[in-house]
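The values are calculated or read from the model by the stated rules, or taken from the named source; none is laboratory data. No experiment lies behind these values; they were computed from the predicted model shown. For neighbour counting, all protein chains shown are included, and Cβ atoms are generated from backbone atoms with ideal geometry for every residue, glycine included. Accessible surface areas use protein heavy atoms only, side chains included; no ligands, DNA or RNA. Shrake-Rupley method; radii C 1.70, N 1.55, O 1.52, S 1.80 Å.
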Amino acid sequence: MKTNAARILDGLKVAYTLKSYEVDEANLDAVHVAKSCGEAIERVYKTIVCKAGGEFVVACLQGDLTLDLKALAKCAGTKSCELLPLKELTKVTGYVRGGCSPLGMKKQFRTFLDERILAVESVLVSAGLRGVQICLAPSELARATKAQICKIAF
């Protein structure tokens, strides 16, 4: 099954694979996704949408780490940054919690990848649906999302 995120990668001629897993509606976090996919957590990245100044920004970081809002604000060139309330996620991105991909949102938002992504050969991010991950090279994810790589997690 092709998702919008996969179609974007196809259009950019990016090599990727799709990986399906069984969804647990009670546990949508990236650590559970990594276990369900049989992958190391260092390769499974979660997508978090934030408000930074007057814009929305996207952060991707290793699934077991915590987003550093101050560091993200600094990378985005704003004074502060706050998490997007969950009730606004679908309206802003077109995605739901547990299926939010950094690719194919309603609009292209500035995207920031945590620098740890450079330590892995391939990374898994949501394909835009619960139960489906996209596996691709970090450099290709950065290219496809026009991301900036910086330290945004601890």
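The figures follow:
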read-out	value
From the options Ser122, Ser36, residue that is at pLDDT below 95, hydroxyl-bearing (Ser, Thr, Tyr) and surrounded by 13 or more Cβ atoms within 10 Å (Cβ to Cβ)	Ser36
Tabulated pairs, segment 122-142, first among the acidic types (Asp, Glu), second modelled with pLDDT of 95 or more, C-beta under 9 angstrom, 6+ apart or interchain	Glu140/Leu9; Glu140/Leu12; Glu140/Val14; Glu140/Ala15; Glu140/Tyr16
Residue satisfying condition, being under 19 Å from Asn27 (Cα atoms), modelled with pLDDT of 95 or more, open to solvent by 70 Å² or more (accessible area, probe 1.4 Å) and out of contact with any Asp or Glu (no Cβ under 6 Å at 6 or more places or on another chain), within set Lys87, Lys46	Lys87
Any chance Arg97 is within 18 Å of Arg130 (Cα to Cα), open to solvent by 30 Å² or more (accessible area, probe 1.4 Å), among the charged types (D, E, K, R) and modelled with pLDDT under 95	yes
Counted residues, segment 23-33 - those being of a type in the set (Gly, Ala, Ser) and surrounded by 21 or more Cβ atoms within 10 Å (Cβ to Cβ)	1
Segment 110-138, residues that are over 12 Å from Thr47 (Cα atoms) and hydrophobic (A, V, I, L, M, F, W, C)	Ile117, Leu118, Ala119, Val120, Val123, Leu129, Val132, Ile134, Cys135, Leu136, Ala137
Any hit, segment 25-40, residues being touching a residue at least 60 places away in the same chain (Cβ under 8 Å) and in contact with a Lys or Arg (Cβ under 7 Å, 6 or more places away or on another chain)	yes
Which listed residue is open to solvent by 50 Å² or more (accessible area, probe 1.4 Å) and in contact (Cβ under 8 Å) with a residue 60 or more places away in the chain, from Arg110, Arg116	Arg116
Filtered residues of segment 3-22 (kept if of a type in the set (Ser, Thr, Tyr) and either open to solvent by 50 Å² or more (accessible area, probe 1.4 Å) or touching a Phe, Trp or Tyr at 6+ places or on another chain (Cβ under 7 Å) (or both))	Thr17, Ser20
Any hit, segment 124-131, residues being in a helix (DSSP H, G or I) and among the charged types (D, E, K, R)	no
